[in-house]
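Report on the following structure.
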Amino acid sequence: MVKSVNHSIIKYYEFNIKIPSLYISMDTPLETVFRENLRFYRQKAKLSQEKLSSLLDKNINYINMIEGGKSLPPITMIEQIAEILHVEPKCFLEPLEKNEEAYFDKEAFIAQAKEQIAKSAEEILQNLLQKSPTSAILPS
């Protein structure tokens, strides 16, 4: 069973909110699950491959080689990566379907929605104030 969420946009009350794309199959080889999870959690932590490699004191291409399927890190390195990304090492080996939060970061979604709502509300109020005299908007 393949579970996927397309890189789509939810349009609700004129607010565009992105949902990340993710494709993982239940019969995916463990190495592929590891690479996909590493990529997912690295991106969730907003780290580039180069930055994560640097934090690990490794060659700039180290994470690229792992995510690209050209090498696998030893267990001790997986533990270091997990610590930097603030996840349990076992998260790299479990299909993301087991973790609902992996698909949808509720806090980030709410923060992004609040920002967009506040910005839109400010624009609407500015437009109203420009078009109407203040006395027409405020109660007497």
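Points worth noting:
- Of the residues making up region 42-61, just one is in contact (Cβ under 8 Å) with a residue 40 or more places away in the chain and outside any helix (DSSP H, G or I), namely Ala45.
- Unique match (being among the polar types (S, T, N, Q), in contact (Cβ under 8 Å) with a residue 12 or more places away in the chain and closer than 15 Å to Leu96 by Cβ) among Asn37, Asn64: Asn37
- Candidate set: region 69-97, residues that are without any contact (Cβ under 8 Å) to a residue 12 or more places away in the chain and outside any helix (DSSP H, G or I); chosen: the one least open to solvent (accessible area, probe 1.4 Å): Pro73
- Taken residue by residue, region 4-24 has no member that is in a loop (DSSP other than H, G, I, E, B) and either farther than 30 Å from Gln116 by Cβ or at pLDDT 50 or above (or both).
- Of residues in region 51-68 being closer than 15 Å to Glu31 by Cβ and open to solvent by 20 Å² or more (accessible area, probe 1.4 Å), the one farthest from the chain's Cα centre (by Cα): Met65
The values are calculated or read from the model by the stated rules, or taken from the named source; none is laboratory data. Fair warning: this is a prediction, and the values are worked out from it, not measured in the lab. Glycine gets a Cβ as well: all are built from the backbone with ideal geometry, and neighbour counts include every protein chain shown. Ligands, DNA and RNA are stripped out before the accessible areas are found, and what is left, the full protein with its side chains, is counted by its heavy atoms. Shrake-Rupley method; radii C 1.70, N 1.55, O 1.52, S 1.80 Å.
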